[in-house]
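Asker: The following block contains the structure, expressed as structure tokens.
The values are calculated or read from the model by the stated rules, or taken from the named source; none is laboratory data. Since this is a predicted model, take the numbers as computed values, not measurements. Neighbour counts are summed over all protein chains in view; Cβ atoms, including those assigned to glycine, are modelled from backbone coordinates with ideal geometry.
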Protein chains: 2
Amino acid sequence: MPAVTLTEVARRAGVSPATASRVLNGSERKPAAEIAERVRAAAESLGYIPNAQAQALARSSSGLVGLVVNDIADPYFSSIARGVQAAAREHLRTVLLIGTAGGPAEERRAVEAFAARRTDAIVIAGSRSDRPQDAADNEALSRETARYLANGGHMALIGHPFPGDQDPAVRVISVPNRDLARELGRRLGGEPFDDYVVVAGRGGLVTSDLRTEGFQQGLADAGRSPAGVVRTDFDRDGGFAAAPGIAAAVRTAHDAGRRTCVFAVNDRMAIGLVAGLREEGLRVPRDLGVAGFDDIETLRDFRPALTTVRLPLEEMGRLAVETALGDASPAEVTGSVVLRRSTQGPAHT
Amino acid sequence: MPAVTLTEVARRAGVSPATASRVLNGSERKPAAEIAERVRAAAESLGYIPNAQAQALARSSSGLVGLVVNDIADPYFSSIARGVQAAAREHLRTVLLIGTAGGPAEERRAVEAFAARRTDAIVIAGSRSDRPQDAADNEALSRETARYLANGGHMALIGHPFPGDQDPAVRVISVPNRDLARELGRRLGGEPFDDYVVVAGRGGLVTSDLRTEGFQQGLADAGRSPAGVVRTDFDRDGGFAAAPGIAAAVRTAHDAGRRTCVFAVNDRMAIGLVAGLREEGLRVPRDLGVAGFDDIETLRDFRPALTTVRLPLEEMGRLAVETALGDASPAEVTGSVVLRRSTQGPAHT
DNA sequence: GATCCATTGGAATGCGCTTTCCGCGCTCAT
DNA sequence: ATGAGCGCGGAAAGCGCATTCCAATGGATC
């Protein structure tokens, strides 16, 4: 039971397929009103739905926008996805979604899949990795991207450019992770803490590394000595797993009369960490300060309210598709430090 | 700079397009090994990427799975989306995502868009509405669905069937909202509370109504009198907005020596409610009990830990695409009541 | 050694649509 | 009155691929 085709509509309306096409699917040429009406009526009565595949083939433009994320269930990505979806809709595009487990190899495959679909644009929201073992895959990803661009595709990256050579044609919605983390470090460096610790993701994760680096700079700006760095997974469980070690350190410091502040490089890690610390019998901010990064909306009602850095996630998604589609120019996102209760000393309570 | 085509690959390999097609894109007939190798080499050196649109047109199967959600940034939907994405990948499909603001009119448009793309299957995760003013749109959605199915499409609904007539061809991954809420009501009815209140979504929202109804039945099972029902928005802000009213009621009850338990029909509402109550100076569970529904992962570290009903969200997404694709049969999801601290009396502390 | 069948590569057709390119009839300027 | 020019609908040529049908080749069979 094949779908009704444009030709059938044309026949029913007593016109040629060319004419039917012109009236039904936005063309330059507008056929006479009377004919147009007849065609529309025929289409309506037959329940005609244009075949987007065929249209894409004929006009070589698919009306698709590809989005690649690490994990769509992660609120960071799903917020971005909302923006992408909204912008795509406004531009009369549909979004194609691929979730990778993270890592350039899978991202390359995603780009290839999108290229096969001839998506008008690709937005990559996954995080970059510059670990040596990912070098080959990064290289492959760059090549795949170059090929896609050469075939007329457009691409926007959220966060940071590809490690290594970066095709100037790929637009970057750059997130000033380093600067914002630095500002956070500066502000927290001004608070009455004695020791600082960073709970970071594994080395080579660009976002994590830049946030760590920036935070250290900020501490230095504030005249503090560098924070110790603990590496763990870049998610909630990573933060949770880091808790015992942090707890031990905090206790030792506490015995020496020193107060600790921990910066987990993203909110989910921070939440996991706080949960883990609770199991260790430590409370925030009474026993230590904890800060995160991203200001995930779903986590705002969390108590103690988390000191973090706000990122306009949804806006970033919007911007990415608009930039990729050529309706906006690559921009740097603006975020802001938000000090909340999780880093306040007992005195403030 | 057009992409390289199959014909070019064929020419380069010195074979016909037919042969090239057979070796490159999984066909029944396997050309001789030597020829196959030559074709593959040609494809590789040219950087050939098959045009999925053209393939779809020729074989009339798109390799696409459509997913419609209310709001992809809502963790409920993004968890489902993760499952959909994973299952789609396993079935060598790509997912097409459309977010509606909720409401059958937009869902109809989404189905139409998916039908235009000739998606192999559509998964609808949005919530049903049976408000009178949505009747016409529901009707239209049903018709659109019927047309899609008639053209060979497949569809799975997560939650509940369409209000009114339900085409037997659309598969339903049914969520026993009523039964689970009933079980929750029964359990909570056995706890030392005196008054119960339900914070529900607007009337006509099937999910909300069933959970409310089930909860009332459960209370009855436990020998309790019915809960009062407050209607608000079905999201975090709705819960927050309900707080002042709830607070007043709780205080009144408290003065009369009665303890209140509130059931917010989803976790996000519950979290918003707790946040709002905090502003009112009320604490959970000290001053009242609060329960939610869904057991959103991101919210599990929330304190007080929320009593709720666990739903296998990701699994539901998987199941939906497998069922739609014919690899599984429509099933009823199993959830479970999870009693946590938010509904424990002070004694348990 | 002749016949038959199975296998293989190629030519051709069509998937559903858009878009030149044509030829027509009309209006307007000269 | 006549030619140029414009607007119109239709014919036809693809877009890139899968697939059916054909012809040719090879081997197996008796």
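Asker: From A:Arg109, A:Arg59, grab the single residue that is charged (D, E, K, R), more than 9 Å from chain B (Cβ to nearest Cβ) and within 16 Å of DNA strand C (Cβ to nearest atom).
Answerer: That would be A:Arg59, the only listed residue that is charged (D, E, K, R), more than 9 Å from chain B (Cβ to nearest Cβ) and within 16 Å of DNA strand C (Cβ to nearest atom).
Asker: Restricting attention to segment A:26-46, report how many residues are of a type in the set (A, V, I, L, M, F, W, C) and either within 8 Å of DNA strand C (Cβ to nearest atom) or over 26 Å from B:Ala140 (Cα atoms) (or both).
Answerer: The number of residues fulfilling the criteria is 3.
Asker: Go through the residues of segment A:3-14 one by one and say whether even a single one is crowded, with 17+ Cβ neighbours inside 10 Å, more than 10 Å from DNA strand C (Cβ to nearest atom), in a helix (DSSP H, G or I) and more than 12 Å from chain B (Cβ to nearest Cβ).
Answerer: Yes, segment A:3-14 contains a residue that is crowded, with 17+ Cβ neighbours inside 10 Å, more than 10 Å from DNA strand C (Cβ to nearest atom), in a helix (DSSP H, G or I) and more than 12 Å from chain B (Cβ to nearest Cβ).
Asker: Filter the strands (runs of 3 or more DSSP E) completely within segment A:117-230 down to those with at least 1 residues that are surrounded by fewer than 18 Cβ atoms within 10 Å (Cβ to Cβ).
Answerer: Those strands (runs of 3 or more DSSP E) span A:171-174.
Asker: Can you tell me which of B:Arg147, B:Arg128, B:Arg143 is at pLDDT below 95 and touching a strand residue (DSSP E or B) at 6+ places or on another chain (Cβ under 9 Å)?
Answerer: B:Arg128 is the lone residue from the list that is at pLDDT below 95 and touching a strand residue (DSSP E or B) at 6+ places or on another chain (Cβ under 9 Å).
Asker: Can you tell which of B:Glu44, B:Glu37 is in a helix (DSSP H, G or I), away from chain A (no Cβ under 13 Å) and at negative phi?
Answerer: That would be B:Glu37, the only listed residue that is in a helix (DSSP H, G or I), away from chain A (no Cβ under 13 Å) and at negative phi.
Asker: Now for a different question. Filter segment A:302-349 down to the residues that are surrounded by fewer than 21 Cβ atoms within 10 Å (Cβ to Cβ), in a helix (DSSP H, G or I) and not acidic (Asp, Glu) and list them by number.
Answerer: A:Arg341, A:Pro346, A:Ala347, A:His348
Asker: From B:Ile98, B:Ile49, which residue is more than 12 Å from DNA strand C (Cβ to nearest atom), out of contact with any Ser or Thr (no Cβ under 8 Å at 6 or more places or on another chain) and β-branched (Val, Ile, Thr)?
Answerer: From the options B:Ile98, B:Ile49, the qualifying one is B:Ile49.
Asker: Among (1) over 12 Å from the mean Cα position of the chain (by Cα); (2) within 23 Å of B:Arg109 (Cβ to Cβ); (3) more than 10 Å from every other protein chain (Cβ to nearest Cβ); (4) not in a helix (DSSP H, G or I), where does A:Ala87 come up short?
Answerer: (4) is the only condition that A:Ala87 fails.
Asker: Moving to a separate point now. Restrict the check to segment A:42-54 and report whether at least one residue is charged (D, E, K, R) and either away from DNA strand D (no atom under 12 Å from the Cβ) or over 15 Å from B:Ala52 (Cα atoms) (or both).
Answerer: Scanning segment A:42-54, I find at least one residue that is charged (D, E, K, R) and either away from DNA strand D (no atom under 12 Å from the Cβ) or over 15 Å from B:Ala52 (Cα atoms) (or both), so the answer is yes.
Asker: How many residues does segment A:55-72 contain that are touching a Gly at 6+ places or on another chain (Cβ under 9 Å), near DNA strand D (Cβ under 9 Å from one of its atoms) and among the aliphatic types (A, V, I, L, M)?
Answerer: So the answer is 1.
Asker: Given the condition more than 14 Å from chain A (Cβ to nearest Cβ), touching a strand residue (DSSP E or B) at 6+ places or on another chain (Cβ under 7 Å) and part of a loop (DSSP other than H, G, I, E, B), answer yes or no: does some residue in segment B:244-254 qualify?
Answerer: Among the residues of segment B:244-254, not one is more than 14 Å from chain A (Cβ to nearest Cβ), touching a strand residue (DSSP E or B) at 6+ places or on another chain (Cβ under 7 Å) and part of a loop (DSSP other than H, G, I, E, B), which makes the answer no.
Asker: Looking only at residues that are more than 29 Å from the chain's Cα centre (by Cα) and outside any helix (DSSP H, G or I) in segment B:255-264, which one is nearest to B:Phe215 (Cα to Cα)?
Answerer: It comes out as B:Thr260.
Asker: If I ask for residues that are near DNA strand D (Cβ under 7 Å from one of its atoms) and touching a residue at least 12 places away in the same chain (Cβ under 8 Å), which ones from segment B:12-41 would you list?
Answerer: The answer is B:Ser21, B:Leu24, B:Asn25.
Asker: Shifting gears a bit: Does segment A:276-309 hold any residues that are more than 13 Å from A:Ser79 (Cα to Cα) and among the charged types (D, E, K, R), and which are they?
Answerer: Across segment A:276-309, the qualifying residues are A:Arg278, A:Glu279, A:Glu280, A:Arg283, A:Arg286, A:Asp287, A:Arg300, A:Asp301, A:Arg303.
Asker: Filtering segment B:15-34 down to residues that are under 44 Å from the mean Cα position of the chain (by Cα) and in a loop (DSSP other than H, G, I, E, B), which residue is nearest to the other protein chains (Cβ to nearest Cβ)?
Answerer: Taking the candidates together, the pick is B:Asn25.
Asker: Additional query: Which ones in segment B:287-301 are within 14 Å of another protein chain (Cβ to nearest Cβ) and part of a loop (DSSP other than H, G, I, E, B)?
Answerer: B:Gly292, B:Asp295, B:Ile296, B:Arg300, B:Asp301, listed by residue number.
Asker: Continuing with the same structure: Name the residues in segment A:93-106 that are at the interface with chain B (Cβ under 10 Å from one of its Cβ atoms) and farther than 15 Å from B:Arg89 by Cα, would you?
Answerer: A:Thr94, A:Val95
Asker: Taking the condition of being free of Cβ contacts under 8 Å to residues at least 60 places away in the same chain and in a helix (DSSP H, G or I), how many residues in segment A:271-286 meet it?
Answerer: Adding up the residues that qualify gives 7.
Asker: Quick check on B:Val68: is it more than 14 Å from chain A (Cβ to nearest Cβ), of a type in the set (Val, Ile, Thr) and buried (at least 19 other Cβ atoms within 10 Å of the Cβ)?
Answerer: Taking the combined requirement at face value, the residue does not satisfy it.
Asker: Hey, does segment B:75-86 have a residue that's surrounded by fewer than 23 Cβ atoms within 10 Å (Cβ to Cβ) and either over 26 Å from A:Thr298 (Cα atoms) or free of Cβ contacts under 8 Å to residues at least 24 places away in the same chain (or both)?
Answerer: No, because not a single residue in segment B:75-86 is surrounded by fewer than 23 Cβ atoms within 10 Å (Cβ to Cβ) and either over 26 Å from A:Thr298 (Cα atoms) or free of Cβ contacts under 8 Å to residues at least 24 places away in the same chain (or both).
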